[in-house]
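Engineer: Structure in structure tokens, see below.
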Amino acid sequence: MAATLIRNGRIVTAVDDYTADILVKDGKVETIGRNVQVGGDVEVHDAAGLLVLPGGVDVHTHLDWEFGPTYTVDTFGTGTKSAAFGGTTTLIDFCNQTAGFSPLKGLENWHKRRESACVDVGAHMIMLDVNDQSLIDMKTLIAKEGVTSFKLFMAYPGVLMVDDGALFKAMRVAGGNGAMTCIHAENGPVIQVLVQEAVAQGLKAPKYHASTRPSILEGEATHRAIRLAELAGAPLYIVHLSAGEALHAVTEARDRGIPVHAETCPHYLFLTAEEYERPGFEGAKYVMTPPLRDHHHQHQLWRGLKTDDLQVVSTDHCPFCFNEQPYGIKYSKQQGIDSFSKIPNGAPGVETRLPLIFDGAVTKNGMSINRFVEITSTAPAKLFGLFPRKGTIAVGSDGDIVLFDPKEQWTIRAAEQHSRIDYTLFEGRPVTGRVKKVFLRGQCIVDGANWRGREGMGQYLRRAESGAIR
Ligand code: URP
Ligand code: ZN
Ligand code: ZN
């Protein structure tokens, strides 16, 4: 296909709002204007009455990922198809170093898995083993592979956690070489004590996942990460922020001019710890880390989005089926049927992020559509070295475009989604606003309910310097 013309839509970016035509040629936006004239081989789409938005950028997914004794159930093929139906055309997924091996090997393994991707994907590297050689390898990843962000865990002792010294060393290398440090901020050793005590007392239902990971321990770890990053001179990004105490630490640091950034996720904005009271084992569906919190935390997260102390909403799509079949126990929450401590931590969400945030923030909460685009596309693209190729609609940008009907009312159903997972956190939730068509580099890959994309068409994104919105 030579070119795509999108006619008469209302183009909304983080800063613009106007009606025009967009011509995409060879994957890039070539012309934006009124009554753009074309001849020859051009696929024309009428966008009258629809919003024309930059493709969503989701910088937090775990596809085809080994996590302790568990595996996420989406392949890159299924997870990215699901993303596309939700209006997301760019993912930054987490690959990881294996303890004892180079992170370069981790990237190599990840590349094999990501070959089936249907949308464009970049990689963050999870560092597990911070030593002299892996610190050198970090520089190679930044300079040669375009991996310009690293995640380190302050939680999950014995599985993913690194100590403060390792954290500090990695931050210093990242910050000194143009990369962002992403932190999972929870105090892992103290959580471990609380989990062991609960299990010893026979408190094993899913709800004890939440009570053993109190918000104060997220606040403490966030504060510690910020102070270490400050000393290291490194930009910082707190992932999946859920707690008021953590947001307070981020706000305080930003007020002092420290380059600290943070994301939250739709489940923290719309759901509370009440979900853990569901009958039987149902609460296991909501076992993710950090856990769902109480209402007062939620109010603070909405405040943070308003005041830009939170810059991004991503999904932390980390899908484990509720049922054991058809994929098997290692992909399933049923591993934890006897104890919450064995429930795989993670939940799905890559297909519902844009409609949920549009409905909850724009339709019901007065957020501007510009700000909606900013937190779901532009800011993550800027923070992680993808802007202006991704995250906006401008001449020269990739033709990643979503046609969105702001008025359509529909209901979220797992059975209608495209992930391999067998549930959604939002089953039966009515929402207003729906993705109608999606274009990846000018090619229409979602057309209503029809899939026009294919596995393998997603490109690897070699990213530029990360760590700042300039
Ligand atoms: O529960 C979660 N969030 N699982 C994914 C791993 C992580 O910490 O991001
Ligand atoms: Zn995490
Ligand atoms: Zn995650």
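Engineer: Where does helix 103-113 land angle-wise versus the long Cα axis of the chain, in degrees 0 to 90, nearest 10?
Structural biologist: 50 degrees
Engineer: Moving to a separate point now. List the trypsin sites (Lys or Arg not before Pro) within the range 20-77 that fall in a DSSP loop (any state other than H, G, I, E or B) and whose Cβ has at most 13 other Cβ atoms within 10 Å.
Structural biologist: ARG34
Engineer: Looking only at the range 394-420, which residues have a backbone nitrogen under 14 Å from a spot 7 Å from the Cα of ASN370 in the C-beta direction?
Structural biologist: none
Engineer: Let me ask something additional. From the Cα trace of the range 85-197, what convex hull volume per residue do you get, rounded to a whole Å³?
Structural biologist: Details: hull volume 14.3 nm³, N = 113.
For the range 85-197, the hull spanned by Cα atoms encloses 127 Å³ per residue.
Engineer: Based on the Cα atoms of the range 184-242, what semi-axes does the equivalent ellipsoid have, where each is the square root of 5 times one gyration tensor eigenvalue, given in whole Å with the largest first? Please report the intermediate quantities before stating the final value.
Structural biologist: Values: eigenvalues 161, 23, 9 Å².
Sorted largest first and rounded, they come to 28, 11, 7 Å.
Engineer: Can you tell me how much longer the chain between TRP410 and ARG34 gets when fully stretched, taken as 0.36 nm per residue apart minus their C-alpha distance, in nm with one decimal?
Structural biologist: 132.1 nm
Engineer: Under the 0.36 nm per residue contour assumption, what length would be gained going from the current alpha-carbon distance of ASN109 and ASP129 to full extension?
Structural biologist: Values: separation 20, 0.36 × 20 = 7.20 nm, distance 1.68 nm.
Gain in length upon complete extension: 5.5 nm.
Engineer: In debye, nearest 20: dipole of the chain around its Cα centre with unit charges on the Cβ of K, R (+) and D, E (-)?
Structural biologist: Value, rounded to 20: 480 debye.
Engineer: So, one more: Quick one: pull the percentage of alpha-carbon pairs in the chain with a separation above 33 Å.
Structural biologist: 32 percent
Engineer: Can you work out the PRE-style zone for ARG278? Point 7 Å along Cα to Cβ, and I want the residues of the range 421-435 with backbone N under 16 Å.
Structural biologist: Those under the cut-off are 421-430.
Engineer: To one decimal place, what orientation-averaged projected area in nm² is obtained for the convex hull of the Cα set of the range 349-393? It would help to have the intermediate numbers written out before the result.
Structural biologist: On the way: hull surface 13.4 nm².
Value for the range 349-393: 3.3 nm².
Engineer: Here's a follow-up. Taking 20 °C and 1.002 mPa s as the conditions, I'd like the Stokes-Einstein D for the range 22-96 in µm²/s, using the Kirkwood hydrodynamic radius from alpha carbon pairs.
Structural biologist: 139 µm²/s
Engineer: Which entries in the list LYS207/LYS285; LYS407/LYS437; LYS333/LYS436; LYS207/LYS342; LYS105/LYS390 go over 21 Å, if you measure between the two C-alpha atoms of each?
Structural biologist: Those over the limit are LYS333/LYS436; LYS105/LYS390.
Engineer: Mind checking the angle between helix 295-307 and the chain's longest principal axis? C-alpha axes, 0 to 90 degrees, to the nearest 10.
Structural biologist: Once rounded, the angle reads 50 degrees.
Engineer: Then there's this: If I fit a long axis through the Cα atoms of helix 164-176 and take the longest principal axis of the Cα atoms of the chain, what angle between them do I get, 0 to 90°, rounded to 10?
Structural biologist: 30 degrees
Engineer: Can you give the net charge of the other residues whose Cβ lies under 12 Å from the Cβ of CYS182, counting K and R as +1 and D and E as -1?
Structural biologist: My count for the surroundings of CYS182 gives -1.
Engineer: Could you work out how much longer the chain between ARG454 and ASP294 gets when fully extended? Use 0.36 nm per residue separation minus the Cα distance between them, nm to one decimal.
Structural biologist: This chain segment gains 53.5 nm when fully extended.
Engineer: Continuing with the same structure: Evaluate the Kirkwood expression for the hydrodynamic radius of the range 24-157, namely the inverse of the mean inverse distance over all pairs of different C-alpha atoms, and round to one decimal in Å.
Structural biologist: 17.3 Å
Engineer: Relative contact order, percent, of the chain when contacts are C-alpha pairs under 8 Å separated by at least 6 residues?
Structural biologist: Working: 1158 pairs, mean separation 103.4, N = 470.
Here the relative contact order equals 22 percent.
Engineer: Let me ask you something else. Using the C-alpha gyration tensor of the range 288-374, what are the square roots of 5 times its eigenvalues, in whole angstrom, with the largest one first? The partial results should precede the final answer.
Structural biologist: Values: eigenvalues 200, 47, 18 Å².
Square roots of five times the eigenvalues give 32, 15, 10 Å.
Engineer: To two decimal places, what compactness ratio does the range 243-332 give when its Cα radius of gyration is scaled by 2.2 N^0.38 Å?
Structural biologist: Cα-based Rg divided by the globular estimate yields 1.31.
Engineer: If you don't mind, another one. Of the GluC sites (Glu not before Pro) in the range 373-428, which ones lie in a loop per DSSP and count no more than 14 other C-beta atoms within 10 Å?
Structural biologist: Filter output for the range 373-428: GLU427.
Engineer: Give me Rg over Rh for the range 342-438, both radii from the alpha carbons and Rh done the Kirkwood way, two decimal places.
Structural biologist: My calculation puts Rg/Rh at 1.00.
Engineer: Sticking with this one: Of HIS317, GLY77, VAL250, which is farthest on the positive side of the dipole of the chain, counting Cα position, with +1 on Lys and Arg Cβ, -1 on Asp and Glu Cβ, and the Cα centre as origin?
Structural biologist: Positive-most Cα among the choices belongs to GLY77.
Engineer: If you average over every viewing direction, what projected area does the convex hull of the Cα atoms of the range 242-288 give, in nm²?
Structural biologist: Details: hull surface 15.1 nm².
Over every viewing direction, the Cα hull of the range 242-288 projects on average to 3.8 nm².
Engineer: At a threshold of 8 angstrom on Cα-Cα distance, excluding pairs fewer than six apart, so keeping six or more, what relative contact order does the range 194-246 reach in percent?
Structural biologist: About 40 percent, as a whole number.
Engineer: In Å and on Cα atoms, what radius of gyration and Dmax does the range 189-323 show?
Structural biologist: Reported Rg and Dmax, both Å: 15.7, 48.
Coordinate-derived values only; no laboratory data. Note that the structure is predicted; figures quoted are calculated from it, not measured. So basically every Cβ, Gly included, is an ideal-geometry build from the backbone, and we count neighbours across all protein chains shown.
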